[in-house]
Amino acid sequence: MSEQRFTVRRARTSDVPGIRALVEPLVQERILLGKDMVVFYEAVQEFRVAEDADGRLIGCGALHVMWEDLAEVRTLAVDREWLGHGVGHALLDRLEADARELGLSRLFCLTFEVPFFTRHGFEDMGTETVDPSVYAELVRSPDEGVAEFLDLARVKPNTLGNTRMVKRLV
């Protein structure tokens, strides 16, 4: 399989069932939170997908803007057969390039895959927070990812064992 090639591209609405199929095993393992199909369709413009030479989806990931300088890497998933072949790295590199193009200076993720994200320059956030005026704006968001970034108590049951990580883009 390592000789097969793959490409990373912007997701299309026709990719949504494939994205959900990639994510579902990780939802079953409680690694990712499940989402309704409508949520995937609403966010399709945030997704990038990797496909093999036959056009089969083998990976996905999304970039969700949270604030003027901050976005979250979400729903990064790779087909088990393709783990260790650079698909996750290529997707994360593309999402980072998208972030730079948008003028963002920080990326956030909530993950169990600490070594993977560390290799890409992410660091444990610890108790890092944002300026109080930004916090006051962000806390109004109904988005669960924003709540995870702010480490709000209401998301604690869903985030146990995950590490809040951040990367500063140069």
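Could you list, in sequence order, all residues of region 74-85 that are in contact (Cβ under 8 Å) with a residue 40 or more places away in the chain and surrounded by 15 or more Cβ atoms within 10 Å (Cβ to Cβ)? Walk me through it before giving the result.
Step one: filter region 74-85 for residues in contact (Cβ under 8 Å) with a residue 40 or more places away in the chain, giving 74-75, 77-82, 85.
Residues satisfying the conditions are R74, T75, A77, V78, D79, W82, H85.
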**Message:** Taking the criterion of being under 16 Å from A11 (Cβ atoms), open to solvent by 20 Å² or more (accessible area, probe 1.4 Å) and outside any loop (DSSP other than H, G, I, E, B), would at least one residue in region 27-36 satisfy it?
**Reply:** no
**Request:** Scan region 118-133 and give yes if some residue there is surrounded by fewer than 12 Cβ atoms within 10 Å (Cβ to Cβ), more than 20 Å from T163 (Cβ to Cβ) and at pLDDT 95 or above, otherwise no.
**Result:** no
**Request:** Could you please find all residues in region 37-60 being assigned to a loop (DSSP other than H, G, I, E, B) and either buried (at least 17 other Cβ atoms within 10 Å of the Cβ) or not basic (K, R) (or both)?
**Result:** A43, A53, D54, G55
**Request:** Determine which single condition L63 fails, assuming it passes every other condition in (1) touching a Phe, Trp or Tyr at 6+ places or on another chain (Cβ under 7 Å); (2) at pLDDT 95 or above; (3) crowded, with 18+ Cβ neighbours inside 10 Å.
**Result:** (1)
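Can you work out which of the residues in region 91-117 that are outside any helix (DSSP H, G or I) and over 13 Å from M165 (Cβ atoms) is least open to solvent (accessible area, probe 1.4 Å)? Walk me through it before giving the result.
Within region 91-117, the subset outside any helix (DSSP H, G or I) is 102-113.
Those left that are additionally over 13 Å from M165 (Cβ atoms): 102-105.
Values: L102: 111, G103: 54, L104: 14, S105: 47 Å².
Going through the qualifying residues, I end up with L104.
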**Prompt:** Can you tell me which residues in region 1-41 are modelled with pLDDT of 95 or more and among the acidic types (D, E)?
**Reply:** D15, E24
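The values are calculated or read from the model by the stated rules, or taken from the named source; none is laboratory data. Predicted model only: the values in this text are computed from it and were never measured. Glycine gets a Cβ as well: all are built from the backbone with ideal geometry, and neighbour counts include every protein chain shown. Heads up: the accessible areas ignore ligands, DNA and RNA and are worked out on the full protein's heavy atoms, side chains in. Shrake-Rupley method; radii C 1.70, N 1.55, O 1.52, S 1.80 Å.
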